[in-house]
């Protein structure tokens, strides 16, 4: 019983850690989509940049200084790329192609600069908290708490500040926002910078858990896109990220307790996503629920 | 008659020009021997494929500089299989075996991806081209291979046989196996499960992790399923990306302190293990990473071998100390080239028509430690075309791999599951 409780509690906590990381990434992608109305397929590259820069700077600066510098650098690069690459393009198809091109270019540049081999990133907070028969790493708890804190701050920023109001207004009604004198191009650039900085933060925070390599952006992109599509709004994406991650962690433990055989976490994820997509399709076909 | 300097130079260049226009029968009759390399230059095995290709290039240069093989130069054709089985088989068929209209190569050094070897073995038989697989799944020289397929270094089963005695005596008898669902890792899980059952050790659990390059390696969900109260040894089998994630997450959970973390070196071969997350982990390897850990009898060969490929004494690239060379399995490709050379010299091979006699020469081929075979004495078993060799147990200590034990070539023997000699050419 103690072992089962330990596994259950671990899965619950672990789900939160991965869920908050995914939420950070998905929120960034969703904010850009909500405002600029196109999917930034280069989003994974900014996640990768965050991770790789933390790895590269960690030895000289230490993790806690390397992390904000990497996030700021990736965010600044996001601002520049929006201004330089994406703003002049108006055709949605070309925007997608430009984003894919940027993703591939950044990947290969990172591979040339840092090598293709996966690298280990040192855990900045070694140590674990013991409960039942399990240990839970302190750093992972700090990751979940930091991500939750950042998202709360962002919620306050979007709800309680004038730039936040502008961002929401541009996302909801671009023409009206323009007529009210809101600097829409500046809001676009700021949103893109904020979104890419969130991706870099997710990459930097997760680096001491999974390590880094130049292609890590691709491996998270599909999941982030799925979360954004099912979530349908920035905060909906946060909820879906947490839900998927929790269920993915808990289902194997629950099925093991009930049947003696644990369902694979990957199969759990596929089942959850299929269920959510099913709900989405049903809602889309029902005019009343789709309007709500 | 007085000749000016201009006349003299005209004469010299004229003679040189005439010489170059006259066909030199010696060279005209001896076209190069074509070696194809089905490398995994890009994709998740890119860091392995690059170095295997470097080893093949260095081996060819060494042989060509010494006059070639039976007076013929070796010429290399490299294709990138992108660490993907289908792509690897396609590029082999198209660009190495003449599918695109080019001259077919005479021999193929195969990919390090076991699945690519599986997909390419039938092509080797159909095209009657000797194929030297570099993946380590045991089936490559078993049910998935054929008479045209050779293995120039160990498979998983050989490593298991070479390492189980030491592991059970020194690490423990209650094992949990966690592995990626790739052929090389599944092969390890199966081989260890069978071996542990055979010697009455306990397999507490086998946890299989789907290999998903399109998803971040969230292994903690699987590590949560390990019964730490019953397990003594945690055997892991992952590729480089997942090995890093495994080590980081297992270390954060304290598993490398409470359990003996063990594996076959292929998964970490290209990784820099200076991070503390690798500390106190054990590996069975084919070749020590560090020069000073190589047996004294092989040290001189090791020095020369590393110099020719560009590997420093600590296992890092000589040209770039931040890059780790997968030295543990690299010599498989080096030895494949030298097996081809030896068999050509022994049989007087001249063209693809002579392949059967070359294969017969390689079946049961014995080799002695030399610069051609720097890993030491070994042989190719006639039945299944499998190379046998000695093994090492390496322990990660303070960022370095230290050899704790060595097992002899004899200890790595296992019963062959096939006899390719019954297959007609």
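Remark: the stretch A:49-90 is approximated by an ellipsoid whose semi-axes, taken from the C-alpha gyration tensor as √(5λ), come to 27, 8, 6 Å, largest first.
Between residue B:404 and residue B:368, take the C-beta separation as r, use R0 = 22 Å, and let me know the FRET efficiency to the nearest 0.05. Write down the numbers at each step before the final one.
Numbers: r = 26 Å, r/R0 = 1.19.
The calculated FRET efficiency here is 0.25.
The fewest-to-most ranking of B:388, B:278, A:8 by surrounding Cβ atoms within 10 Å reads A:8, B:388, B:278. Working from label points 7 Å from Cα in the Cα-to-Cβ sense, the residue B:379 to residue A:2 distance is 5.6 nm.
Classify chain B: rounded, prolate or oblate, from the alpha-carbon gyration tensor (a ≥ b ≥ c, eigenvalue square roots; a/c under 1.5 rounded; otherwise prolate if a/b is larger than b/c)? Let's see the in-between values first.
Working: a/c = 2.15, a/b = 1.79, b/c = 1.20.
Cα axes put chain B in the prolate bin.
Any idea what the relative contact order of chain B is, in percent, if you count C-alpha pairs under 8 Å spaced at least 6 apart?
Values: 846 pairs, mean separation 66.7, N = 425.
Worked out over chain B, it gives 16 percent.
Is any residue of the stretch B:96-122 close enough, with backbone N under 16 Å, to a label point placed 7 angstrom from the Cα of residue A:222 along the Cα-Cβ axis, and if so, which? Residues passing the 16 Å test: none. Exposure proxy shown here: for B:417, B:114, B:370, the number of other Cβ atoms within 10 Å sets the order, fewest to most, as B:370, B:417, B:114.
Could you give the length gained on full extension between residue A:96 and residue A:186, defined as 0.36 nm per residue of separation minus the Cα-Cα distance, in nm?
Length difference between fully extended and current span is 30.3 nm.
Sorted ascending by nearby beta carbons within 10 Å, beginning with the fewest, B:407, B:75, A:70 become B:75, B:407, A:70.
Dividing the Cα radius of gyration by the Kirkwood radius, what Rg/Rh value follows for the stretch A:26-134?
Working: Rg = 17.0 Å, Rh = 15.8 Å.
Checking Rg against Rh, the ratio lands at 1.08.
When the P(r) of the protein assembly as shown is calculated, the portion above 35 Å amounts to 50% of the C-alpha pairs.
Using a simple spin-label model with pseudo-atoms 7 Å out from Cα toward Cβ, residue A:109 and residue A:72 lie 2.0 nm apart.
Tell me, what is the percent relative contact order of chain A, built from C-alpha pairs under 8 Å that lie six or more residues apart? Spell out each step's value before the answer.
Working: 413 pairs, mean separation 111.2, N = 292.
It rounds to 38 percent for chain A.
Antiparallel beta bridges, as assigned by DSSP with both residues in the protein assembly as shown, represent about 40 percent of the total such bridges. Calculated mean residue ellipticity at 222 nm for chain A: -27000 deg cm²/dmol, from DSSP H runs with n ≥ 4 weighted as -39500 (n - 2.57), summed, divided by the residue count and rounded to 500. Spin-label model, residue B:419/residue B:304: points 7 Å from Cα along the beta carbon direction are separated by 3.9 nm. The overall shape of the stretch B:266-425, judged from the alpha-carbon gyration tensor, is prolate: a/c is not under 1.5, and a/b is greater than b/c.
With the Cα gyration tensor of the stretch B:288-360 in hand, give its eigenvalues times 5 under a square root as the equivalent ellipsoid semi-axes, listed largest first in whole angstrom. Could you put the intermediate results ahead of the total?
On the way: eigenvalues 204, 36, 17 Å².
Over the Cα atoms of the stretch B:288-360, the semi-axes work out to 32, 13, 9 Å.
With an a/c value of 1.5 or above and a/b not larger than b/c for the gyration tensor axes a ≥ b ≥ c computed over the alpha-carbon atoms, the stretch B:32-101 is described as oblate. The relative contact order of the stretch A:100-169, computed from alpha carbon pairs under 8 Å that lie at least 6 residues apart in sequence, is 14 percent. Whole-percent P(r), the stretch A:2-291, all Cα pairs, 5 Å bins from 0: 1, 6, 11, 15, 17, 16, 14, 10, 6, 3, 1, 0, 0. For the stretch B:191-232, the alpha carbon convex hull comes to 75 Å³ per residue, rounded to a whole number.
What's the FRET efficiency of residue A:176 with residue B:257 using the Cβ-Cβ distance as r and R₀ = 51 Å, to the nearest 0.05? Before the final figure, lay out each step's value.
Working: r = 61 Å, r/R0 = 1.19.
It comes out at approximately 0.25.
With the convex hull of its Cα atoms as the shape, the stretch B:63-204 has an orientation-averaged projected area of 10.9 nm².
No value in this document is a laboratory result; all are computed from the given coordinates. These figures come from a predicted structure and were not determined experimentally. When we count neighbours, we look across all protein chains shown, and the Cβ atoms used for this are built from the backbone with ideal geometry, even at glycine.
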